[in-house]
Structure formats: C-alpha cells, structure tokens
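Report on one structure; see the data block that follows.
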Amino acid sequence: MKILVINAGSSSLKYQLIDMETESVLAKGGCERIGIEGGKLTHKAHGETFVIEQDLPDHTVAISLVLKELVDKKAGVIGSMDEIDAVGHRVVASGEAFTKTTLVTDEVMETMEVIKELAPLHNPAAILGVNACRAVMPDKKMALVFDTSFHATMPDYAHLYAIDYEDYQKYKVRRYGAHGTSHKFVSQAAAEYLGRNIEELKIITCHLGNGSSISAVKGGKCIDTSMGFTPLAGVPMGTRSGDIDYAAAEFLCRKKGMTMEEGLTYLNKKCGMLGVSGVSSDFRDLCAAAEGGNDRARLALDMFNYSCKKYVGAYMAALGGLDVLVFTAGVGENTVSVRKAICENMQAFGIVLDEKKNDYKNDGAIHDVSAEGSRVKILVIPTNEELVIARETAALL
Ligand code: ADP
C-alpha cells in the first residue's frame with residue numbers, strides 16, 4: 001500500500017509518498033511560493049534532487065505538478081497514479097469537532113469550514129490542500145489527520161480553562177494542544193525501543209523546535225500538554241512568548257498602541273527567544289551568541305530551559321512518577337546544551353543524564369542518553385510526523 005502525505009501551508013505544500021509495507025519514503029518534496037511569483041518544486045527521489053521552477057498560481061496547480069513528478073519517467077517512483085492508495089492530510093486544529101482521523105467527505109469538509117477560525121494561520125491552508133487533491137484525484141480516498149487528536153484524551157480538569165463554564169460550552173474555548181502526531185510517534189517509538197508495553201509507561205515527551213510543546217503520556221494516552229487553545233501557550237519558543245498573564249498582554253497592547261490582533265501577532269512573532277535575545281529565534285544562533293558572551297542570548301536560553309524543566313516537574317506530578325523522558329524535534333534532537341540544562345539537578349526525581357552520551361551529533365537514530373542507574377530513561381528520538389499520518393490513513397482504510 002502506498003500513501004501520499006500532504007502538509008499544505010498557505011503558500012507551500014510538502015509531500016511524501018510512503019510505502020507502507022516497508023514504511024519507507026519513496027519520494028518527498030515541497031512546493032514553495034504558491035500564489036506568489038517565482039514558484040518552485042523541489043522533488044527528492046532515487047537519492048537525487050529535482051528542481052522545477054514555474055509559477056504555481058494555486059494549490060491545484062501545485063498538486064498537479066507533484067503528481068506529474070511522481071509518475072515522471074526520470075524523477076518518478078510509480079508507474080501511474082493508480083498506485084497511490086490514499087492521501088493523508090495534516091490538519092493542525094480540529095476543535096472538538098473531530099477527535100480522531102477522519103475520512104474526507106463533503107460533510108466533513110463543511111465542518112472544516114466552520115472550525116477554520118480555530119487555527120486561522122493553518123487550517124484554511126489544509127482545506128486548500130484537500131480541495132486541490134480532490135479536484136485532481138476525485139476518486140482517491142483521503143483522510144484528515146489532526147495534530148490535536150492525540151490530545152483529545154486529556155481529562156476535563158486538565159483541558160479546561162477556569163472561565164465561565166457556559167462560555168466554554170458555547171465557544172469551545174479550552175486547551176487543545178498541538179504537535180500531537182509527533183508526541184504520539186515518539187511515545188510509541190520510546191516504548192518499542194525499550195521493549196516495553198506502552199500501557200505500563202509514564203512518559204514525558206518534549207517536542208522542542210521552533211515551536212515547542214511538552215506532553216504527559218500515561219499508558220499511551222495524553223493526559224496533559226503545554227500548548228493551549230492555540231500554539232501560543234506553554235514554554236517560550238522561537239518567536240512566541242509562551243505562557244503570559246493576560247493582563248500583562250493587555251497592558252502591553254495599551255502601552256504600545258496595538259489592537260488585540262496586533263498584540264497577538266506581536267506575541268506570536270516578535271517575542272520568545274527572538275524578543276528576549278534580540279539576536280535570533282534560531283537555537284544555533286542563540287547558542288553561538290551565548291558562547292560568545294551575549295548576555296541576552298544566554299538569558300533567552302536560560303528562560304527556555306527553566307520553563308521546560310518546570311513542565312517536566314509538573315507533569316511528573318500529574319503522571320505520579322516517570323519512566324521515560326523523550327526529547328525530539330529540531331532543538332530536542334540537536335541542541336546538546338538544552339537537554340543538559342533541562343536534566344540538570346534532577347537526581348532527586350530519578351533523572352540523571354550521561355553527559356558523554358548526550359554530547360553526540362544527530363545521526364537520525366534513537367539515542368539513550370541516560371546515565372547508568374538513572375531511574376528514568378532519557379531518550380532522544382527523531383520525530384516522524386509524516387509516518388504517523390500515513391499509518392493513520394492506512395489504518396482508516
Ligand atoms: P519547526 O517548529 O519549524 O518544525 P524544528 O523542529 O525544525 O522547527 O526546529 C528548528 C530549531 O532547531 C531551530 O531553532 C534550530 O536552531 C534548531 N536546531 C539546532 N540544531 C539544529 C540542527 N543541527 N539542524 C536543524 N535544526 C537545529
């Protein structure tokens with residue numbers, strides 16, 4: 001069985017064609033600058049990279065070009081489109097409308113239109129992606145795989161905000177979380193790697209990238225996560241503030257003459273590591289600047305590490321202990337000093353990092369970086385969200 005995984009952004013579209021028998025990637029790539037002049041498709045297959053530069057006025061043109069590449073004599077990996085069994089689409093937010101992977105129908109797409117406002121930067125793009133694929137491949141079965149599904153198991157006391165309950169009921173304002181497919185993948189991969197039954201494990205998964213979230217996973221089910229109604233909440237991130245007192249945000253809006261909407265853009269795009277350091281949102285730049293003596297870069301990193309550590313502590317309490325601590329995503333997989341700082345002085349909680357094992361260059365493999373005798377296993381696991389989307393799509397069929 002072959003599954004095409006689509007991750008559509010407002011002006012981009014990433015794809016992978018995955019062979020489910022071997023769970024291997026046959027081809028992958030992405031379209032950039034859709035709807036803007038200077039469109040480009042980068043396609044990787046057979047160990048080669050193929051680049052096509054042509055205007056991509058909309059997502060339908062982009063997906064048509066992707067399909068053309070997939071069946072191309074030279075760059076292609078399949079004889080015809082019939083070999084694609086189904087398409088799995090990544091969707092960021094589902095609200096309470098969908099709690100699991102869902103087959104695309106007209107009715108489902110109508111609901112998607114209704115919940116579009118839950119993730120205004122992402123969901124409209126996913127809809128464009130689905131509609132484009134339906135236009136080009138009308139007979140193909142398609143699935144929506146939601147980032148929020150994995151978090152749907154959070155108990156009410158964990159996912160609710162302490163607002164008027166009737167407002168929650170009316171507007172569905174609550175914690176939904178994000179990065180669910182990644183948290184799911186790495187928690188399952190951790191259990192597999194350790195040869196343990198996930199039902200018996202208490203796991204904390206730290207997805208630390210440009211956007212970061214931390215989840216508490218008990219028996220394979222998410223019981224809490226750091227992101228909230230939107231990805232703005234939780235630990236400070238590349239450009240997002242993370243948790244902030246609403247009154248402080250309102251005060252800033254007033255002082256800086258920003259509307260509520262401008263305030264949100266400010267908190268999402270100008271804060272976090274970038275805002276504190278004044279250097280960059282990128283952890284490689286931050287580490288280099290801090291090593292070079294830049295005090296604000298050091299401060300930004302200290303704030304990030306401290307916040308992550310606090311979430312780990314809180315989730316140990318929520319889980320009633322901890323068996324495995326997992327690091328994943330760009331920062332979690334690559335930034336040695338971040339893992340070290342988060343695990344520092346956690347001996348009392350059974351978390352002891354082996355500094356030598358921790359100091360390795362990411363090679364795409366799973367690494368156990370816990371010290372001999374550490375009660376908690378500390379694992380670094382490269383995430384694979386596309387594979388989860390493909391697995392979920394295949395399972396739905
Ligand atoms: P996104 O949330 O955009 O998916 P990623 O998970 O790709 O983000 O993480 C991006 C972050 O990972 C950046 O801050 C980057 O500095 C950091 N990072 C650190 N080392 C590396 C590396 N060797 N390769 C890629 N990203 C790295």
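The values are calculated or read from the model by the stated rules, or taken from the named source; none is laboratory data. None of these values were measured; they are calculated from a predicted model. Virtual Cβ from ideal backbone geometry, glycine too; neighbours counted across all protein chains shown. In case anyone asks, the SASA skips ligands and DNA or RNA and just uses the protein heavy atoms, side chains included. Shrake-Rupley method; radii C 1.70, N 1.55, O 1.52, S 1.80 Å.
Mean separation of Cα pairs under 8 Å and 6 or more residues apart, divided by the residue count, gives the stretch 245-339 a relative contact order of 17 percent. Once the Cβ-Cβ distance of Glu96 and Glu48 is raised to the sixth power relative to R0 = 45 Å, the FRET efficiency obtained is 0.50. With all protein chains in place and ligands, DNA and RNA left out, the 1.4 Å accessible area ranks Phe50, Phe304, Phe229 as Phe229, Phe50, Phe304, largest first. Excluding Val51 itself, what net charge comes from residues whose Cβ is under 11 Å from its Cβ, given Lys and Arg +1 and Asp and Glu -1? Its environment carries a net charge of -2.
If the reach is capped at under 16 angstrom between alpha carbons, list the lysines near Lys256, excluding any in the same chain fewer than eight residues apart. Correct list for Lys256: Lys269, Lys270. The residue list Val91, Gly209, Val276 was ranked by how far each Cα lies along the charge dipole of the chain toward its positive end, using unit charges on Cβ atoms, and Val276 comes out on top.
Of all aspartates and glutamates in the structure, those lying under 13 Å Cα to Cα from Lys218, and not within fewer than 8 positions of it along the same chain, are Glu199, Glu200, Asp323.
Here the extension length gained between Asp164 and Val71 equals 28.0 nm, from 0.36 nm per residue of separation less the Cα-Cα distance. Given a 1.4 Å probe and the protein chains as shown, Tyr161 ends up with an accessible area of around 80 Å².
Could you give the size of the charge dipole of the stretch 41-105 about its Cα centre, using +1 on the Cβ of each K and R and -1 on the Cβ of each D and E, expressed in debye and rounded to the nearest 20? If you can, show how the numbers build up before the last one.
Numbers: 6 positive and 10 negative charges, 32 e Å.
Around 160 debye, computed over the stretch 41-105.
Carbon and sulfur atoms: what percent of the 1.4 Å accessible area of the stretch 1-159 do they account for? Within the stretch 1-159, the accessible surface is 50 percent carbon and sulfur. On the basis of the beta-carbon distance and an R0 of 41 Å, Glu261 and Asp368 show a calculated FRET efficiency of 0.35. Across the stretch 111-234, Cα pairs under 8 Å and at least six residues apart give a relative contact order of 24 percent. Each Lys and Arg Cβ is given +1 and each Asp and Glu Cβ -1; about its Cα centre, the stretch 251-360 then shows a dipole of about 420 debye.
Two decimals is fine: what is log10 I(q)/I(0) at q = 0.15, 0.16 Å⁻¹ for the stretch 228-318, from a Debye sum with one equal scatterer on every Cα and no solvent? With one equal scatterer per Cα and no solvent, log10 I(q)/I(0) is -0.61, -0.68. Residues in the chain average 47 Å² of solvent-accessible surface per residue, probe 1.4 Å, ligands and nucleic acids excluded.
The heavy atoms of Asp139 present about 150 square angstrom of accessible area, all protein chains included, probe 1.4 Å.
Our coupling estimate for the stretch 15-20, obtained by passing each phi through the Karplus curve with A = 6.51, B = -1.76, C = 1.60 and θ = phi - 60°, is 8, 9, 9, 10, 8, 6 Hz, Gly and Pro reported as x.
Counting lysine pairs in the stretch 69-187 whose alpha carbons fall under 20 angstrom apart, excluding pairs fewer than 8 residues apart on the same chain, gives 7. Between the stretch 282-356 and the stretch 13-36, how far is it from one alpha carbon centroid to the other, in angstrom? Computed from Cα coordinates, the inter-centre distance equals 32 Å. Report, as a whole number in µm² per second, the diffusion coefficient that Stokes-Einstein gives for the stretch 1-118 at 4 °C and 1.567 mPa s using the Kirkwood radius over alpha carbon pairs. In µm²/s, the coefficient rounds to 84.
Close amide-amide hydrogen proximity is noted between Gly88 and Leu4, Val5, Ile6, Ala143, each under 5 Å apart and 5 or more residues distant or on a separate chain (H modeled in the peptide plane; Pro and chain starts excluded).
Per-residue 3J(HN,Hα) values for the stretch 275-282, derived from phi via the Karplus relation 6.51 cos²θ - 1.76 cosθ + 1.60 with θ = phi - 60°, read x, 5, 7, x, 9, 5, 9, 8 Hz in sequence order (x marks Gly and Pro). Residues whose amide H falls under 5 Å from that of Ser370, counting only those 5 or more places apart or on a different chain, are Asp354, Ile378, with hydrogens built in the peptide plane.
Applying 1/(1 + (r/R0)^6) with R0 = 30 Å to the Cβ-Cβ distance of Asp282 and Glu355, what FRET efficiency is obtained, to the nearest 0.05?
The computed FRET efficiency comes out at 0.80.
Across the chain, C-alpha contacts under 8 Å between residues 6 or more apart give a mean separation that, scaled by the residue count, equals a relative contact order of 14 percent. A simple spin-label model places the labels of Glu107 and Glu83 3.6 nm from each other, with each point 7 Å out along Cα-to-Cβ.
For the chain, the convex hull spanned by the alpha carbon atoms encloses 159 Å³ per residue. The GNM of the chain, with springs linking C-alpha atoms under 10 angstrom apart, assigns the highest mean-square fluctuation among Glu83, Glu200, Glu48 to Glu48.
Backbone geometry of the stretch 232-243 corresponds, through the Karplus equation with coefficients 6.51, -1.76 and 1.60 at θ = phi - 60°, to 3J(HN,Hα) couplings of 6, 8, x, 6, x, 10, x, 10, 9, 5, x, 3 Hz, x marking Gly and Pro. Residues with amide H under 5 Å of Asp224's amide H, sequence separation 5 or more or different chain, H placed in the peptide plane at 1.01 Å from N; which? The list, which skips near neighbours in sequence, is Ala216. For the stretch 289-390, GluC sites (Glu not before Pro) meeting the loop criterion (DSSP other than H, G, I, E, B) and having at most 16 other Cβ atoms within 10 Å: Glu344, Glu372.
A dipole drawn for the chain from +1 and -1 charges on Cβ atoms has a positive end, and of Thr42, His183, Met303 the residue lying farthest that way is Met303. For the chain, the dipole from Cβ point charges (+1 on Lys and Arg, -1 on Asp and Glu) about the Cα centre works out to 680 debye, to the nearest 20.
Using a Gaussian network model of the chain in which every pair of alpha carbons under 10 angstrom is joined by a spring, one finds that among Met154, Met109, Met227 the greatest mean-square fluctuation is at Met109. Calculated from DSSP H runs of 4 or more alone, at -39500 (n - 2.57) each and per residue, what is the 222 nm mean residue ellipticity of the chain, nearest 500? -11500 deg cm²/dmol, from helical runs alone. Split the accessible area of the stretch 285-397 by element, probe 1.4 Å, and carbon with sulfur accounts for 50%. When 1/r is averaged over all different Cα pairs and the result inverted, which Kirkwood radius in Å belongs to the stretch 35-176? Result for the stretch 35-176, one decimal place: 17.3 Å.
Note on Met142: accessible area approximately 10 square angstrom, rounded to 10, probe 1.4 Å, nucleic acids and ligands left out.
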